[in-house]
1. Pairs, please: C-beta under 8 Å, at least 6 apart or cross-chain, first residue more than 15 Å from residue 323 (Cβ to Cβ) and in segment 216-229, second β-branched (Val, Ile, Thr) and at pLDDT below 80?
2. Could you give every pair whose Cβ atoms fall below 7 Å, whose first residue belongs to segment 120-145 and is touching a residue at least 40 places away in the same chain (Cβ under 8 Å), and whose second residue is among the aromatic types (Phe, Trp, Tyr), counting only separations of at least 6 or pairs across chains?
3. Could you check segment 1-77 for strands (runs of 3 or more DSSP E) lying wholly inside it with 2 or more residues that are among the polar types (S, T, N, Q)?
4. Anything in segment 42-54 that is without any contact (Cβ under 8 Å) to a residue 40 or more places away in the chain and open to solvent by 60 Å² or more (accessible area, probe 1.4 Å)? List them, or say none.
5. From the list 224, 190, pick out the single residue that is closer than 30 Å to residue 377 by Cα, of a type outside the set (S, T, N, Q) and buried (at least 17 other Cβ atoms within 10 Å of the Cβ).
6. Among the helices (runs of 4 or more DSSP H) contained in segment 78-123, which hold 2 or more residues that are of a type outside the set (D, E, K, R) and within 27 Å of residue 270 (Cα to Cα)?
7. Considering only residues of segment 112-164 that are charged (D, E, K, R) and within 18 Å of residue 80 (Cβ to Cβ), which is surrounded by the most Cβ atoms within 10 Å (Cβ to Cβ)?
8. Failed condition for residue 309, given (1) at pLDDT 95 or above; (2) over 23 Å from residue 377 (Cβ atoms); (3) not hydroxyl-bearing (Ser, Thr, Tyr), with all others met?
Amino acid sequence: MTILCIATYFKGDLFLRECRRLGCTVLLLTVDSLAGAEWPRESIDEVHTIARNASDAAIKKTVDAIARRHAIDAIAALDDFDVEMAAMLREHLQVPGVGRTTASRFRDKLAMRMKARSSGIPVPEFSATFNDAQVNEWTARVPAPWVLKPRSSAAAIGIKKVTSHDELWRVLDAAGDQRSNTLLEQFVPGDVYHVDSIIWNGAVVFAVASKYGKPPMEVAHQGGLFITKRLADASDEGRTLLELNLRLQDALGLKRGVSHTEFIRGAGRFVFLETSARVGGAFIVDTIDAATGINLWREWARIEVAGEHGSYSVPPHRDDFSGIVLTLARQEAPDMSAYTDAEIAKTIKKDYHAGLIVSSPDAQRVDALIADYTQRFYRDFFATAPPPERPVE
């Protein structure tokens, strides 16, 4: 089969390699600025590029030219920002998979919240920002602080916390014509969790529940270490999260693929924050792999290749525990040689970053290592930087 992989940010090596291993013709569509990036060229038959701000018409023109020479059987979006483009192209070429309506539930924070709420999934108080009177009514009813979020961004990019009615209107007015692309939500303090899933024929066939150290929004805006660790499926938190995720995925309607979903526990209950039809970032894939032996990039590729008429089953896997500690570092190439514990499954190799993934059959051992590394990372490596206004290629 021939698969068109869309990656307008540099990621998805393992997905591309697995598609090639499975015998696919692999076509990559990326942006002009990444044409020379270190893609796994041996696993890619052709690389095509578009401008970062290309219109739908320009994208279709590029892909139409590809389709004249290749019968495209599947289209995969390897990043959050590519999901809508892939859905548009599937509808244009009549390729099976997620269309624009389902895609919006995994990209548009307003659409996903409305669908979750109508399906009985707890969500924070939220409002669209289209109408002045509705915004004023909502802010009169829902106590501050609030967060103003881009409806279609990813991670904590572009999120602003506001504490008063006057401040909110200054931010909304400054948004100008982009105001309708924002979502207003009550700020809910609490611990943040994520569930990472494999979905086949509309059913969750594999899922892992994890708990962040600090909320990702706090790490992005105030600095700190990125930490997440797996929860036991049978724990109170793990069981509740996995059940909520089952209900949510059933409501959102993804038929085949992977999903990274976040929840927050505030005022004694879990509420849904957001979801995506992609793998988690910040080495979450590697952290889950360290505990289970399941690599979500590879499994996602297997699912895309199987398609609507093929078969898929989750490979046999372990049920261990894992966690990651990751930080911006003061050093370009941090010296990690002092970290020698046998449970270290992976050392993160990335300029100006220090990170370790640990795994063990013993959850308490993972907890102890994470606690130890947290103290040592602040001393040995920790640095901070302003949050990015836009994604980094």
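1. Filtered contacts from segment 216-229: 220/157.
2. If the second residue must be among the aromatic types (Phe, Trp, Tyr), the pairs left are 121/272; 122/270; 122/272; 123/272; 127/138; 145/187.
3. Filter on segment 1-77 gives 25-31.
4. 42, 45, 53
5. Among 224, 190, only 224 is closer than 30 Å to residue 377 by Cα, of a type outside the set (S, T, N, Q) and buried (at least 17 other Cβ atoms within 10 Å of the Cβ).
6. 100-107, 109-118
7. Quick first cut of segment 112-164, residues charged (D, E, K, R) only: 113, 115, 117, 125, 132, 137, 141, 149, 151, 160-161.
Subsequent filtering for residues that are within 18 Å of residue 80 (Cβ to Cβ) retains 113, 115, 149, 151.
Numbers: 113: 25, 115: 20, 149: 23, 151: 20.
Within segment 112-164, the match that is surrounded by the most Cβ atoms within 10 Å (Cβ to Cβ) is 113.
8. Of everything listed in (1) at pLDDT 95 or above; (2) over 23 Å from residue 377 (Cβ atoms); (3) not hydroxyl-bearing (Ser, Thr, Tyr), residue 309 misses just condition (1).
The values are calculated or read from the model by the stated rules, or taken from the named source; none is laboratory data. Keep in mind that what you see is a predicted model, and the values were worked out from it rather than measured. Backbone-built Cβ (ideal geometry, glycine too); neighbour counts: all protein chains shown. Note: accessible area is taken over every heavy atom of the protein model, side chains too, but ligands, DNA and RNA are not part of it. Shrake-Rupley method; radii C 1.70, N 1.55, O 1.52, S 1.80 Å.
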